[in-house]
Amino acid sequence: MKTGILETGGLAGSEVRICRLAAPLDAKTAWKVESLLVRIFERGDYSFRSALSGKYSGTLNCTVFLAELRGRVVGAAICLYANRNPAIGLVGPVGVAHERRGRGIGKRLMTSLIDYAAAKGCAALYLGISGNGAAQRLYRSLGFQQYKGIVMRRLMRPEQQFDAQYFAKNPDVRVRKAVWGDFAPVQALLSCPCDMYTFDGRRGVFSSKYVEPTRFLSVFPEMMSKSAEYGGLINVLAAGAGENVVGYAAVCVSLTSAARHVAELDFFVHDNFVEQAERLVRTTLADGVAPNVEIVNCRCLGCDSLKQNVIEALGGRQVAALPRNVKLGDTYEDLLVYQLEGSK
Ligand SMILES: CC(C)(COP(=O)(O)OP(=O)(O)OC[C@H]1O[C@@H](n2cnc3c(N)ncnc32)[C@H](O)[C@@H]1OP(=O)(O)O)[C@@H](O)C(=O)NCCC(=O)NCCS
C-alpha cells in the first residue's frame, strides 16, 4: 500500500522518485525492499521481513521511504517508532543500491524521513552507524551528532533538553510486558549513560557510561527473539502517561538443554528510577519464571552495587565470584554470580 509519492527528480534528468509506505507492505514491494537491503547488509539487525509485513504493526509503526527508478527499488530508509508514543524514533536500515550512490538519493530519503518523523511528533531520532564514512558524513550533514559509540542521534528540538524531559523523575510508573513498540525507547535507554553497569551481562553489553556501544539496532530484537524461542518474560518500567521506557528486566530459561531448570535474570534501570528496580524485578520473577525453573541466576559486576542491592533485597545470595573476569578499559572487575529461588 503506497501512501504517497513524495517527490520526483532531484538530479537533472533523474527519474528517481521517493515514496513513503507504511507497513504492512504488499508482499511484492516488501520483497523488493528486503532484497535491496539484504544485498547491502547481508543480514539485518532485525527481521525486516517481519517489520515490513506488518507483524509488529499492532504496537510498532514501521514507515518505509523508497527510492524507485522505473519500478525498481534503488534505495530504502526505514523509520520505527511506538504507535502509542512517537517521542523516540529509530532509523534503520538505510541503503542505496551500489551503482546509484553519490547522487543524492540517500540524502533525499533521509530528508523525507526526518520531515515525516518531526511531523509525527518525534523528539529524537536514533541510529547506529554500521557503514562507512559516507553514511556518517550524510547523517552529520542532516543534523545527527555522535552520541555514544556507534550511536548517533538527532534531537528535533535541541532546546527542549530531551533527556531531562524523557527520563524526568515521575512517581507514576508501572511495570508491563515489553512489546515490539518498545523497540525504539528500549534502544534509547540502552544507549543512555546510566550508573547501572550492564544491561545484558551474559553477552557483555554495558551501559554507555562505562563502555562505548559497538552494537545498536540488534540488541532489543535479540532479546525478544531469545525470550520467544526459549521461554521467558521481558518487562519494562513505563513512566507517565506517555509510558516512557525507563527500565527493563528480562528473565529467560537457560539456553542449554542440560540446564532447563535454570533461568537467567538481567535488568537495567535509569538512574532516576533506581528505587523502582526492585519492584520491576520482583514482578518479572513472579510472572516470568516457569514452573520447571528451580534456580534463577543473575550475574553482576563486583563494582555494580546498585544491581547487587536489588538482588540482595529480593533474597538473592552470592554463590560464586570470578576474579578479574571482566575488563573495563584499563581495570579488571570481578564477576559475581547470584542465585535466587525459582518456582520450587
Ligand atoms: C550511506 C548511503 C545510504 C548514502 O547514500 P547515497 O545515495 O550515496 O548518499 P548521497 O548521494 O545523498 O550522499 C553521498 C555523497 O554523495 C554526494 N552527492 C550528493 N548529491 C550529489 C550530486 N548530485 N552529485 C555528486 N555528488 C553528490 C554527497 O555530497 C555525499 O558526499 P560526501 O560523502 O562526500 O559527503 C549509501 O552509501 C549506502 O547505502 N551505503 C551502504 C549502507 C550503509 O552504510 N548504510 C548506512 C548504515 S547506518
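The values are calculated or read from the model by the stated rules, or taken from the named source; none is laboratory data. All figures in this text were calculated on a predicted structure; none of them were measured in a lab. Every residue, glycine among them, receives a Cβ derived from its backbone with ideal geometry; neighbour counts consider all protein chains shown.
When S191 is tested against (1) of a type in the set (S, T, Y); (2) modelled with pLDDT of 90 or more; (3) over 10 Å from the mean Cα position of the chain (by Cα), just one condition goes unmet, and that condition is (3).
Which is touching a helix residue (DSSP H, G or I) at 6+ places or on another chain (Cβ under 9 Å), aliphatic (A, V, I, L, M) and either more than 13 Å from the ligand (Cβ to nearest atom) or farther than 22 Å from S191 by Cβ (or both), of L109, L66? Steps first, answer last, please.
Working: L109 fails: touching a helix residue (DSSP H, G or I) at 6+ places or on another chain (Cβ under 9 Å).
Exactly one residue qualifies, and that residue is L66.
Kindly indicate whether R282 is at pLDDT 95 or above, of a type outside the set (V, I, T) and surrounded by fewer than 21 Cβ atoms within 10 Å (Cβ to Cβ). Taking the combined requirement at face value, the residue satisfies it.
Taking each residue of the range 110-139 that is of a type in the set (S, T, Y) and looking for partners that are more than 16 Å from the ligand (Cβ to nearest atom) and not in a helix (DSSP H, G or I) with beta-carbon atoms closer than 8 Å, six or more apart or interchain, yields S112/R20; Y116/R20; Y116/T63; Y126/I88. Of Y46, Y56, Y81, all but one fail to be outside any helix (DSSP H, G or I), at pLDDT below 95 and under 28 Å from N244 (Cβ atoms); the exception is Y46. Scanning the range 12-21 for residues that are surrounded by fewer than 16 Cβ atoms within 10 Å (Cβ to Cβ) and either away from the ligand (no atom under 14 Å from the Cβ) or not in a loop (DSSP other than H, G, I, E, B) (or both) gives a single hit, E15. When each of A321, A259, A238, A263 is tested for being of a type outside the set (S, T, N, Q), in the same structural domain as A178 (by TED's automatic domain parsing) and closer than 21 Å to D172 by Cβ, the lone residue that passes is A238.
If you check D182 against the conditions, is it closer than 22 Å to L265 by Cβ, among the charged types (D, E, K, R) and under 13 Å from the mean Cα position of the chain (by Cα)? The answer is yes for D182.
Check R215, R202 and return the single one that is over 20 Å from R84 (Cα atoms), among the basic types (K, R) and in a helix (DSSP H, G or I). Before the answer, list the steps.
Working: R215 fails: in a helix (DSSP H, G or I).
Within the list R215, R202, the selection yields R202.
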